[in-house]
Structure formats: C-alpha cells, structure tokens
1. Could you grab me the full set of residues in segment 1-30 that are within 16 Å of the ligand (Cβ to nearest atom) and touching a strand residue (DSSP E or B) at 6+ places or on another chain (Cβ under 6 Å)?
2. Return the only residue of LEU67, LEU22, LEU48, LEU38 being surrounded by 16 or more Cβ atoms within 10 Å (Cβ to Cβ), out of contact with any Pro (no Cβ under 9 Å at 6 or more places or on another chain) and assigned to a strand (DSSP E or B).
3. How many of the residues in segment 106-130 are within 15 Å of the ligand (Cβ to nearest atom) and of a type outside the set (A, V, I, L, M, F, W, C)?
4. How do the pairs read when you match residues in segment 19-35 that are over 23 Å from GLU206 (Cβ atoms) with residues anywhere that are hydrophobic (A, V, I, L, M, F, W, C), using Cβ under 6 Å and keeping only pairs 6 or more apart or on different chains?
5. Taking segment 131-148, which residues are without any contact (Cβ under 8 Å) to a residue 40 or more places away in the chain and of a type in the set (A, V, I, L, M, F, W, C)?
6. What pairs can you find where one residue is in segment 182-210 and more than 17 Å from ALA172 (Cβ to Cβ), the other is in a loop (DSSP other than H, G, I, E, B) and of a type in the set (Asp, Glu), and their Cβ atoms are less than 9 Å apart, with a gap of 6+ or different chains?
7. From (1) outside any helix (DSSP H, G or I); (2) surrounded by fewer than 17 Cβ atoms within 10 Å (Cβ to Cβ), pick out the condition that doesn't hold for ALA14.
8. Can you say whether PRO161 is out of contact with any Phe, Trp or Tyr (no Cβ under 6 Å at 6 or more places or on another chain), within 16 Å of the ligand (Cβ to nearest atom) and touching a residue at least 60 places away in the same chain (Cβ under 8 Å), as far as the supplied structure shows?
Amino acid sequence: MTTTDDFVHVFTPAAEPDAPTLLLLHGTGADENDLLPLGRALAPGAALLSPRGKVDENGMNRWFRRLREGVFDVEDLITRTAELAGFVTAATRAYDLDPGRIVVSGFSNGANTGAALLLLHPRLLCGAALFAAGAPLQGREPDPVDLSGTRVFLGSGVSDPVTTIDQARLLASQLEDRGARVEEHEHPGGHQVAPETLDQARAWFERSRF
Ligand code: MLT
C-alpha cells in the first residue's frame, strides 16, 4: 500500500477554513517546489499538496517514462498513475483533507499525469486546471468512465511544439465525452503557462466554488 513516505512532497495547510486542496504536479526537470507559486496564485486559500515525480530521466524528475519526446511508455504511465493515486488517498487521510474536494493542477508532464488521473481514477478528483496537457494514453481509447460533476480547465498553446494543439483538443473531447465540464482556453504561444491563461484559470477556479 502506498503511504505519504513514498513520495518526496511538500504539504501546506489551507489558509482559509473549508478550502479545497490543490494537488500540484510539476513538469519534466522540476520538483515539488516549482508550482507552489502557481498554486498560491490559482487558489490563494487552498491547501497545497505537491509531490515530486519518481522517474529519473538523465537527472530530470518526471511522472512516467517516455521512449522519446512525445512518445510515452503507456504501461509505465498506467502503473505510476495508480501509485500516485494511492499517494493522494494516503495524504488525504494523513493530513485530514476532504477527499471530495481535491483539484489537480499541473504543467506539461504533470498536466499529462493529471489528465491520466482523471481518466484512470475518475473518483479521485473533483476538478483539474491543466496547462499544456495532451491525451495521456496516446493511441489508446480511455475506458468509458463517468466524469460528470468534474470541472476541468485546459490552457493550451496553439504553437506548442511539445504538446500539439491537436493533442490538447483530443484530451478535451475525451473528457467531455465522459461527462466532464471542460473549459478550453487556447493562447497563441508555445509550451508555457501564459500569463493570460493563468488569469483565466484563476477566474475559473473562483467561479467553480470547489
Ligand atoms: C511529456 O513527456 O509528458 C510531454 O512530452 C511533456 C514533457 O514533459 O516534455
């Protein structure tokens, strides 16, 4: 069974009573500290749970293995996403969090992993704000899970060479087909969290009342 000791992580308690928890998943080469400012900007009162990906790719932390840029080891992704889901459940108990009010946010490899959590562990999260996310299972059609009640914000760059806009739109339709309420925001830039996208995500988070 996965415990909180299985992932190096940062936990910051909620600054406001009854605030939700934001699970933060960093991009390739970053660590558990990278997205803390984004988390505070997105959801100022929320508890922050920020683990570190356990795959080492030439010294860079990741959430799952890839064969080369843009080509994922989907079996590894499935196994490691299950382990991460176990960590989230363990942390929910250890830090006395409301299991019905956990929202994931991630960038790039972390956004793909957040998308995999939604599609493979549909009852774990009530929402997601994902930046530069694509369809994580790549050639495979995800199972017909029920994501009704799940709110998702996707921020994607139409000129992103890493996560193409087609991949981002495919993810949006996979989530919508399974009942999620998806807001897709496209910016003209590349593989980044564009400032205007973060503003849109913040407004979305506030509107969503998690
Ligand atoms: C991934 O591997 O998840 C994506 O290609 C993004 C990246 O981390 O470079």
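Read-outs: derived from the displayed coordinates by stated rules, not from any lab. Since the structure is predicted, the reported quantities are computational estimates derived from the model, not experimental observations. Quick reminder, even Gly has a Cβ in these numbers, built from the backbone with ideal geometry, and neighbours come from all protein chains shown.
1. Across segment 1-30, the qualifying residues are LEU24, LEU25, GLY27, THR28, GLY29.
2. Result of the check over LEU67, LEU22, LEU48, LEU38: LEU22.
3. The number of residues fulfilling the criteria is 7.
4. HIS26/LEU35; GLY27/PHE107; THR28/MET60; GLY29/MET60; GLU32/VAL10
5. Once the filter is applied, which keeps residues that are without any contact (Cβ under 8 Å) to a residue 40 or more places away in the chain and of a type in the set (A, V, I, L, M, F, W, C), segment 131-148 yields ALA133, ALA135, VAL145, LEU147.
6. From segment 182-210, the pairs are GLY189/ASP160; GLY190/ASP160; HIS191/ASP160; GLN192/ASP160.
7. (2)
8. No, not satisfied.
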